[in-house]
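The values are calculated or read from the model by the stated rules, or taken from the named source; none is laboratory data. These numbers come from a predicted model, not from an experiment. As a convention, Cβ positions derive from the backbone with ideal geometry for all residues, glycine included, and neighbour counts pool all protein chains shown.
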Amino acid sequence: MQTSNVWNFGPGPAKIPTSVLQRAQAELLNYNNTGMSIMELSHRSKEFENFNNKTQRDLRTLLNIPNNYKILFMQGGGNTQFAAVVYNLLVAKRHQLSEDLEEEFNPPLDYLITGSWSLKAAEEAKKLYNNVNIVFDVKKLKGSYGSIPPKEEWKLSGSKAAYVYYCDNETVNGVEFNHIPEIDPSVPLVCDMSSNILSRRFDVSKFGVIYAGAQKNIGAAGLTVVIVREDLLIRTKNFDNKNSGIPAIPSMLDYKVMADYNSLYNTPPMFSIYISSLVFEWLLELGGVEAIEKTNSIKAERLYEAIDNSKIYKSPVEKSVRSRMNVPFRIQQEELESEFLKGSIELGMLQLKGHRSVGGIRASIYNALTLEGVEFLIEYMKEFERKHCQ
Ligand code: PMP
């Protein structure tokens, strides 16, 4: 098989634009006339420093990130951020409440559970801290993921909370928020945007922390982008931990440390940062997030239309919260799914199998997967239906 005749519908690691891979290939042995690859350069070199800053500037332009936000290049994926947000935002809350607080410090952490990734984040928080408030868990309410309850049913803690956490796009379950949740303005909103960052415009200023693993819309695994509001960056050594109820933050998880070192506290994942930088340039050339958002809407609309208009396919997700990035669907007769997947692979449509926890089929249609790829899949779905539905 060759890249040119494969459609990669993988959920992450996912498709990287072909032109980005070609450029990385061309520059691999000699980055910017240094006589070596970017992986071999010192991360303390001038070249890398310039490159690090330029990559941040491009991301700032793409997402229109205000100046009072820092961009951090961290490691450890989304799973590491599940823990990092707990530490960092408890410290920020402790700071907000004043340093000589006498009563016990035990603010609730509010979690909205719309799918398996937000659930996992809440479980990690519970390991570290004893006051996690589940604002709602859709599976507990409805038996399965695929919807978001109306705001009247949310059990938010109000201004007491150290933060409110949600996952904007649930990669496994195909549930995406169609709005930014309204919460108490004094409480930081924390969002996992691993699988939909850079897919549409949104207002960064509504958030305290946004993070995203790179391996979907940003580039290659190994890098996790964190965007954090500056007032939440607190030096932990200013605290004695007597009343804080929280341990000091390990340096590699500490947003303040990462910000102070411009993400060069230790050796960063240089190759992943490099690939992201090429992806950012690719996106800027295409016309930025606004341009890709238009294509993404068309891709998703066409695919859902094909599902809804068919007699054999069905979507497990309520229309108003269907993801534009990960489109899970089932075939009424589930035993046909393996035949569907086998046939898709023969035609070069790869990684369409649903997540092992839910089964079925899932088409991940991130920024780099073109409209042409989606149309190719739709044609195949129609053909498969004709064959099985006389
Ligand atoms: N959050 C979301 C929304 C994800 O899709 C994933 C991974 N697919 C994660 C978190 C976990 O990311 P990682 O594997 O980088 O830890």
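Leu369 - would you say it is under 21 Å from the mean Cα position of the chain (by Cα), crowded, with 16+ Cβ neighbours inside 10 Å and part of a helix (DSSP H, G or I)? So that I can check it myself, show each step before the final result.
Working: under 21 Å from the mean Cα position of the chain (by Cα): yes; crowded, with 16+ Cβ neighbours inside 10 Å: yes; part of a helix (DSSP H, G or I): no.
No: the conditions fail for Leu369.
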(request) Report the residue count in region 152-161 for those that are touching a Pro at 6+ places or on another chain (Cβ under 8 Å) and assigned to a helix (DSSP H, G or I). (result) 1
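For every residue, the table says whether it meets (1) hydrophobic (A, V, I, L, M, F, W, C); (2) under 24 Å from Leu283 (Cα atoms); (3) crowded, with 17+ Cβ neighbours inside 10 Å.
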| site | (1), (2), (3) |
| --- | --- |
| Lys140 | no, no, no |
| Gly146 | no, no, yes |
| Trp154 | yes, no, no |
| Ser157 | no, no, yes |
| Ser195 | no, yes, yes |
| Leu198 | yes, yes, yes |
| Val225 | yes, yes, yes |
(message) Looking at the structure I just gave you, is Ser244 modelled with pLDDT under 95, not in a helix (DSSP H, G or I) and not acidic (Asp, Glu)?
(response) yes
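Residue under question is Ala121, and the condition is that it be in a helix (DSSP H, G or I), more than 13 Å from the ligand (Cβ to nearest atom) and either surrounded by 22 or more Cβ atoms within 10 Å (Cβ to Cβ) or not aromatic (Phe, Trp, Tyr) (or both); does it hold?
Values: in a helix (DSSP H, G or I): yes; more than 13 Å from the ligand (Cβ to nearest atom): no; either surrounded by 22 or more Cβ atoms within 10 Å (Cβ to Cβ) or not aromatic (Phe, Trp, Tyr) (or both): yes.
Spelling it out, it is not the case that Ala121 is in a helix (DSSP H, G or I), more than 13 Å from the ligand (Cβ to nearest atom) and either surrounded by 22 or more Cβ atoms within 10 Å (Cβ to Cβ) or not aromatic (Phe, Trp, Tyr) (or both).
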(message) Taking the condition of being within 16 Å of the ligand (Cβ to nearest atom) and within 11 Å of Ala162 (Cα to Cα), how many residues in region 66-99 meet it?
(response) 2
(request) Spot the failing condition for Leu233; the list is (1) away from the ligand (no atom under 16 Å from the Cβ); (2) surrounded by 15 or more Cβ atoms within 10 Å (Cβ to Cβ); (3) under 18 Å from the mean Cα position of the chain (by Cα), and only one is missed. (result) (3)
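In region 321-356, which residues are in a helix (DSSP H, G or I) and of a type in the set (Val, Ile, Thr)? Please lay out each step first, then the result.
So the first thing to find is which residues in region 321-356 are in a helix (DSSP H, G or I), and the list is 321, 334-346.
Within region 321-356, Val321, Ile345 meet the criteria.
Tell me which residues, restricted to region 162-182, are in contact (Cβ under 8 Å) with a residue 60 or more places away in the chain, assigned to a loop (DSSP other than H, G, I, E, B) and surrounded by 23 or more Cβ atoms within 10 Å (Cβ to Cβ).
We begin by selecting, within region 162-182, every residue in contact (Cβ under 8 Å) with a residue 60 or more places away in the chain; these are 162-163, 165, 169-178, 181.
Applying the additional criterion that residues be assigned to a loop (DSSP other than H, G, I, E, B) yields 162, 171-174, 177-178, 181.
Of everything in region 162-182, those that are in contact (Cβ under 8 Å) with a residue 60 or more places away in the chain, assigned to a loop (DSSP other than H, G, I, E, B) and surrounded by 23 or more Cβ atoms within 10 Å (Cβ to Cβ) turn out to be Ala162, Thr171, Asn173, Gly174.
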